[in-house]
Amino acid sequence: MTETLGTTSSFTPPTRFAVPGRISVDDRAASVWQTATITGIRRETPRVATFRLSVPAWPGHLPGQHLMVRLRAQDGYVAQRHYSIASAPDDTGHIELTLDHVDGGEVSGWFHTVAEPGDTVEVRGPVSGFFAWPGDRPALLLGAGSGVVPLMSMVRHHRARRSDVPLRLLVSARSPEELIYASEYGSETTPVFTRSAPAGVPVGRMSAAHVAPLLAERPPGGWEAYVCGSNGFAEHASRLLVAAGQPVDRIRIERFG
Amino acid sequence: MHVTRGFTGRPRVPNAALPPGQYDAGDDWPVLSAEVTPELTPQEWTFRVDGLVERPRTWTWEQAHALPASAYEGDIHCVTSWSKFGVRFGGVSLDAFLDVVRPHGSATHVVAYAHTGYTTNLPLADVTGGRAWIAWEYDGRPLAPEHGGPARLIVPHLYFWKSAKWIAGLRLLDHDEPGFWESNGYHPRGNPWEEQRYSGD
């Protein structure tokens, strides 16, 4: 028996793909390194700061996309990392990155202990369209720690456009002091504190009790869920979503690593 | 060359096994799947090879385990810049499956697909000749679900997104067809030694 599949028709996997890509990516933008100048540094929490970068030829991005940052030492040694973009798309020629100070992190360590306004780094991007939210569908966002960064780009985009597309954010932090962007959240956001909380707010892990009421809102067309954080958080949060009835093929996950 | 003011980086440890732009993740093994980890038991798992082959076939867990055991011991490289040295995956060489289905001479590429629907494309030459495995053990133990268990594809000489977790099958084609990440801006081949991260690299 001979099969002649695949010679002309496009291959479709037997399983409906969990997370079809949202947008097409400009390959040229992703492959060209350009110089970015740090124009401002803003502290968010004791271990997290936001770095504003001037990127004159930035091709634009969608909320949820990331870029690659490259640092080079005198001897030619190079280190590069992927970082989510924190700012909403705009036409200022600037983007913002919000970075954890990782223990022993050579790149985040440079940003947190050496970098000053006026310093330059190399960037390329934006890259990857899969976690992007163009603003078209109701968005249910679950983040923990600095996993809130790409989600905040979505919240800011939603606000900047004065969008009436439903959007909700569940953000987990160890304590109020460690909650990134604490002063920026509005009624769309529910913070969850795992170690210590303000008076009257319960302490504990994100749970079905947080997720169920949001799924019960049932916006037209259903939620597109975006989960970002450590692998442990991503596994936990995605299981909560599935248990609450969110279809697996409408859950996108970005894990640190 | 643009030098970053005040950047020194990690201590230089000469390591000819580290591809350009990569760092040694040590004992860490980050998990980077884009989808929900499926609840898939060995009894539910199947692996199919079809497309441009003489005898398309589906293997069950037991049938796949009846093929000659083969292990990969070496290094793996993720496009997000970490590499992991001295890993050991146990399973079966992909050659053993292909020997059974007998690829047509016209087959040039494969699409590997997962039980989740994830896809990735590879030249046939990259998954033959002892360069690819179906693996169900890591370090002598069953492969964890978040790392692709019960079984995943291993193509260690390419960036690790090519090593599809929860592998469900391969389809052999006479042309290249981009998979999931390849349709999202990533390089069609992904050779870490040539730093083929993104399309255009």
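The values are calculated or read from the model by the stated rules, or taken from the named source; none is laboratory data. What you see is a predicted model; the values in this text were computed from it and never measured. Please note: Cβ atoms are built from the backbone with ideal geometry, for glycine as well, and neighbour counts cover all protein chains shown.
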Tell me whether the stretch A:142-153 contains one or more residues that are in contact with a helix residue (DSSP H, G or I) (Cβ under 7 Å, 6 or more places away or on another chain) and away from chain B (no Cβ under 14 Å).
yes
Looking at the structure I just gave you, is A:SER84 within 17 Å of the chain's Cα centre (by Cα) and either modelled with pLDDT of 95 or more or not acidic (Asp, Glu) (or both)?
yes
Starting from residues that are within 7 Å of another protein chain (Cβ to nearest Cβ) and free of Cβ contacts under 8 Å to residues at least 40 places away in the same chain, keep the ones in the stretch A:225-252 and report whichever is surrounded by the most Cβ atoms within 10 Å (Cβ to Cβ).
A:SER238
Quick check on the stretch A:46-66. Is at least one of its residues within 19 Å of A:CYS228 (Cβ to Cβ), out of contact with any Gly (no Cβ under 8 Å at 6 or more places or on another chain), of a type in the set (D, E, K, R) and surrounded by 21 or more Cβ atoms within 10 Å (Cβ to Cβ)?
no
If you take the residues of the stretch B:79-102 that are closer than 17 Å to B:ARG141 by Cα and either over 20 Å from the mean Cα position of the chain (by Cα) or not β-branched (Val, Ile, Thr) (or both), which of them is farthest from the other protein chains (Cβ to nearest Cβ)?
B:GLY90
Matching residues in the stretch B:60-78 - criterion: being closer than 29 Å to A:PRO247 by Cβ and either of a type outside the set (Val, Ile, Thr) or at the interface with chain A (Cβ under 10 Å from one of its Cβ atoms) (or both)
B:TRP61, B:CYS78
Taking the stretch A:36-90 and keeping residues over 27 Å from A:ASP136 (Cβ atoms), within 14 Å of another protein chain (Cβ to nearest Cβ) and of a type in the set (Gly, Ala, Ser) leaves A:ALA36, A:ALA73, A:GLY76, A:ALA79
Strands (runs of 3 or more DSSP E) (entirely within the stretch B:75-190) containing at least 2 residues that are out of contact with any His (no Cβ under 9 Å at 6 or more places or on another chain) and surrounded by fewer than 19 Cβ atoms within 10 Å (Cβ to Cβ):
B:82-93
Show the residue pairs meeting these rules: Cβ distance below 7 Å; 6+ apart or different chains; first residue within the stretch B:63-86 and in contact (Cβ under 8 Å) with a residue 12 or more places away in the chain; second residue of a type in the set (Lys, Arg) and in a loop (DSSP other than H, G, I, E, B).
B:VAL79/B:ARG197
For the stretch B:33-55, which residues satisfy the criterion of being part of a loop (DSSP other than H, G, I, E, B) and within 12 Å of chain A (Cβ to nearest Cβ)?
B:SER33, B:ALA34, B:GLU35, B:VAL36, B:THR37, B:PRO38, B:GLU39, B:LEU40, B:LEU52, B:GLU54, B:ARG55
Flagged in the stretch A:49-66 as over 15 Å from the mean Cα position of the chain (by Cα) and not basic (Lys, Arg), in numbering order, are A:ALA49, A:PHE51, A:LEU53, A:SER54, A:VAL55, A:PRO56, A:ALA57, A:TRP58, A:PRO59, A:GLY60
Using the structure shown, decide if B:TYR186 is hydroxyl-bearing (Ser, Thr, Tyr) and modelled with pLDDT under 95.
yes
Output the residues belonging to the stretch B:1-32 that are polar (S, T, N, Q), at the interface with chain A (Cβ under 7 Å from one of its Cβ atoms) and crowded, with 18+ Cβ neighbours inside 10 Å.
B:THR4
